[in-house]
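Comments concern the structure below.
Where a number appears in this text, it was derived from the coordinates with a stated rule and is not lab data. Given the structure is predicted, the values throughout are model-derived calculations rather than measurements. Quick reminder, even Gly has a Cβ in these numbers, built from the backbone with ideal geometry, and neighbours come from all protein chains shown.
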Amino acid sequence: MAFLSRLDIPLSGMMAQRLRFDVIAHNAANAETTRTEDGTPFRRQISVFAEDLPYKNIDTRKFALGKVVGTPEFNRILGLKLDERRERRVAGVKVIEIVEDETPLTPVYDPSHPDANEEGYYYLPNVDIAEEQIDALAATRSHESNYAIYDAMLNMTKKALTIGK
């Protein structure tokens, strides 16, 4: 039933938007993180989408932010098995990478802050909560649209299968 593979298009869109929403939530949660593990302020992260790429069914809750999707390191972090039977080629959308936003960080003068440099400045992340809320709304709406398409396609398929009765 090759026509059922068309359901993968909106499904891939829903998966990508779910991951995009997770990245947005990660940004919002770190909006005031002035020191990460490497000692620098948090930088906003952005999902990069691409079309018509092979993908594996992955659990996005295990997604390691900052890793390029599909690399051996990414697969190791997710614990993906390189099972050829689960890999398939579909048209759709995929998050191929999570990149850091290069917008400048915001300097704040406070010599008493533990992260202040010699001049008394520390830096706040380049995360704007209002922008993250707008992006979250867009991701939610896109997810809902993909679900509506999936539901309509599924209903049309069910109707088509009953024609021969």
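Only residues in region 92-112 that are more than 28 Å from ALA16 (Cα to Cα) count as the first member; pair them with residues that are β-branched (Val, Ile, Thr), Cβ under 9 angstrom, at least 6 apart or cross-chain, and list the lot.
VAL108/THR34
Which fully enclosed strands (runs of 3 or more DSSP E) of region 86-165 have 1 or more residues being surrounded by 14 or more Cβ atoms within 10 Å (Cβ to Cβ) and among the charged types (D, E, K, R)?
93-100
Applying the selection to region 1-50, what residues are in contact with a Lys or Arg (Cβ under 6 Å, 6 or more places away or on another chain), among the polar types (S, T, N, Q) and without any contact (Cβ under 8 Å) to a residue 60 or more places away in the chain?
If the condition is that a residue be in contact with a Lys or Arg (Cβ under 6 Å, 6 or more places away or on another chain), among the polar types (S, T, N, Q) and without any contact (Cβ under 8 Å) to a residue 60 or more places away in the chain, then SER47 is the only one that fits.
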